[in-house]
Structure formats: C-alpha cells, structure tokens
Amino acid sequence: MRIHPLEFVDLPTPYGPMRTHLFRPLGNGKYPAVALFSEIYQMTGPIARTAAFLAGQGYLVAVPEVYHEFATPGDVFAYDKSGTDRGNNLKITKELASYDADATTLIDYLQRHSDSNGKVATLGICLGGHLALRAAMNPNVQAGVCFYATDIHKRSLGKGLNDNTLDRLPEISAEMMMVWGRQDPHIPLEGRRIIYEAMTQANLNFTWHEFNGEHAFLRDEGHRYDPALTQLIFPMVLELFHRRLWN
C-alpha cells in the first residue's frame, strides 16, 4: 500500500508543543492507529522506515519527538557517543509526568484523527519500548509491542530515577507483545525475569519472545542490525495488530 509523503503536526502538551511525524496510507478509508515511540535518538532514518513500513500495511502511524521540551523541533540525535550521551541524559532529565502526558495527548489525537477507526496500538523501541508499555496503561489502547524495553527492571525512567511502571502494570488491559535480545546487556536475564514475573503477577494478556540478538537488532543501521530476525518478528507484530485493531 502506498503512503502519503511525510508530514507532521505540533500537538499541545502541558510541557510544550510536541512535534509528531505522521505516516498515513494513501487512499480513502478509516485505519487503525499506531503510536510509535522512538529510541533516545528521536525520529531517525531507521525509525522513519519502520513507521513507513507499518503505514504501508494499512496503519495510521504517529512518531512523537520524545524530548520535545528540550530539543528544537525536528532535531535528530546521531548514532554516536555525543548523540547517545545527549539522549541518555535527557532520558533522566525529563519528568515522568511529561512522558505520560505526551502519551495521553498522542493517543487522544490518534483516536480523533479523521483517518482513524478509533482503535490504537503502541509500539516502541529501546526507550520507546518502555514508553509503549506505559502508554498501554491508557484504557483506549488495544495492543502494544515493546522491543527490548529499557529501564523497566531498574525503575530508572525519568527525573529522580524512580519510576512506577512495575507497580502500574495491572492498569494495562491491552494485549502486549514483549520482544528481547538475549545478548542485550541493557536488559540482562535477571532484569527480564523481574519484568516477566511482574507481568505474570499482574495477570496481563501478553506474549514473551526472546531471541539471540543484541540491543538494537531492529535498527537497520550499524553492525548490530539483524535483518533475518527483523523479518521473522514483524509478521508477529502485524498478526497482533490485525487481530486486535481490525476486528
């Protein structure tokens, strides 16, 4: 399916306008929506290509700039030490309440969009995986996919390094898909076990997938990219979205 050229909208949040990039199927119709939360580098080429792929499958996709209150609209951080340091510093500078306000604003926007059928899923990568999980606490989210979500087991998202994600898991009614790389040093085995046990204790509807992959195996730039693994996983993502958002 062809998609519209890249466009954006600046959504008002309590913490300032949030530049949000839109990817839409070309043609008339009402489509399910996906809130796609990026890595710490914001809307990079790999994130844009992931969003375009999903839009080409028939989804209205929105990618917010997660550090909008600190960065110039349209700012993209490089995949280098400087960009990594900047992104990691802002990750623990931003207020937890701001992350949550961003998610609420984005989900409300996607539900009301003229091209939306009103059903919303979340998908996130790295930092975005954690944000996608928190965003799924919104009762209007039907499904969520989290790729190697960082900081959940350490409770270290946001200013103060004391997030409440594990405590709030019972608020999630969406069906979740959790994807991990066994060779990912950011979420080691003991960290994954903490998350799995917490999701199980919360009686969530979720699937759990561990693969032999490094952190950022989904990113189609750099030596850690695993195209075969990516090709294996995305049909699973699309099956979940089709089942939860189209029916």
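Computed from the coordinates by the stated procedures, all read-outs in this text should not be read as laboratory data. What you are looking at is a predicted structure, and each value in this text was computed from that prediction instead of being measured. Cβ sites come from the backbone with ideal geometry, for glycine too, and all protein chains shown count toward neighbours.
In this structure, R193 does satisfy being in a helix (DSSP H, G or I), without any contact (Cβ under 8 Å) to a residue 40 or more places away in the chain, among the charged types (D, E, K, R) and farther than 15 Å from L96 by Cα. If you take the residues in segment 136-171 that are among the aliphatic types (A, V, I, L, M) and over 15 Å from the mean Cα position of the chain (by Cα), which one is nearest to H242 (Cα to Cα)? Only one residue fits best here, namely L169. Filtered by the rule that a residue be surrounded by fewer than 24 Cβ atoms within 10 Å (Cβ to Cβ), in contact (Cβ under 8 Å) with a residue 60 or more places away in the chain and part of a loop (DSSP other than H, G, I, E, B), segment 92-144 gives I92, T93, K94, E95, H113, D115.
Within segment 5-53, the only residue that satisfies the criterion of being in contact with a Lys or Arg (Cβ under 7 Å, 6 or more places away or on another chain), loosely packed, with under 14 Cβ neighbours inside 10 Å and either in a loop (DSSP other than H, G, I, E, B) or of a type in the set (S, T, N, Q) (or both) is L26. For segment 71-91, the candidate set comprises residues that are touching a Phe, Trp or Tyr at 6+ places or on another chain (Cβ under 6 Å) and assigned to a helix (DSSP H, G or I); within that set, the residue that is farthest from T165 (Cα to Cα) is G83.
Looking only at residues in segment 54-75 that are buried (at least 17 other Cβ atoms within 10 Å of the Cβ) and of a type in the set (A, V, I, L, M, F, W, C), the one that is farthest from the chain's Cα centre (by Cα) is A71.
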